[in-house]
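Trainee: One structure coming up, written as structure tokens, with questions to follow.
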Amino acid sequence: MKKTVAFLTFFLLLLALTACGNKSGSAGGTQTDLAPEAELVIEATNYQFDQAEYHLQKDVPVKITFKSAEGNHGMLVPGLKLQLDGKNDSAVILPKEAGEYELACSIMCGSGHGTMISKIIVE
């Protein structure tokens, strides 16, 4: 029970931080008028993303497309102010700071949801 409450508290805090963020924050953010120079497709199946890590270049606009191949999933990268799912499945972002950003499933998808984590590395 304590683990469930702790997990839900963490998830709600994560969502609140994402909702409060400015879309043009220092690490990057979604851009509606920016032409992408690169493309990244992230695919989710039950309890995992198709790669353990994804690599992007700093200051290069990239179109990120999310596909849920198996199950009901979404993706959330708070550090890049990016959230995608089945309805909103792509966005163009401009990563402005190098670093590692956690990528997690944003839709409660079952018993393996808590371990459905990957990372995006901006070089």
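Trainee: Restricting attention to the stretch 68-123, which residues are surrounded by 14 or more Cβ atoms within 10 Å (Cβ to Cβ) and assigned to a helix (DSSP H, G or I)?
Mentor: The answer is P78, G79, L80, H113, G114.
Trainee: (1) of a type outside the set (F, W, Y); (2) in contact with a Lys or Arg (Cβ under 7 Å, 6 or more places away or on another chain); (3) assigned to a strand (DSSP E or B): which one isn't true of P36, the others all being true?
Mentor: (3)
Trainee: Against the definition (among the hydrophobic types (A, V, I, L, M, F, W, C), exposed (fewer than 13 other Cβ atoms within 10 Å of the Cβ), at pLDDT 90 or above and farther than 16 Å from L80 by Cα), how does A44 come out, yes or no?
Mentor: no
Trainee: Applying the selection to the stretch 42-66, what residues are within 12 Å of the chain's Cα centre (by Cα) and either within 22 Å of G112 (Cα to Cα) or not in a strand (DSSP E or B) (or both)?
Mentor: Within the stretch 42-66, I42, E43, A44, F49, E53, Y54, F66 meet the criteria.
Trainee: What pairs can you find where one residue is in the stretch 102-123 and among the small types (G, A, S), the other is surrounded by fewer than 16 Cβ atoms within 10 Å (Cβ to Cβ) and outside any strand (DSSP E or B), and their Cβ atoms are less than 6 Å apart, with a gap of 6+ or different chains?
Mentor: S118/A52
Trainee: A follow-up question, please. I'd like to know if the stretch 10-26 contains one or more residues that are under 19 Å from I107 (Cα atoms), at pLDDT 95 or above and either among the polar types (S, T, N, Q) or not in a helix (DSSP H, G or I) (or both).
Mentor: no
The values are calculated or read from the model by the stated rules, or taken from the named source; none is laboratory data. Nothing here was measured: the structure is a model prediction, and the numbers come from that model. Cβ coordinates were reconstructed from backbone atoms using ideal geometry, including for glycine residues, and neighbour counts include every protein chain displayed.
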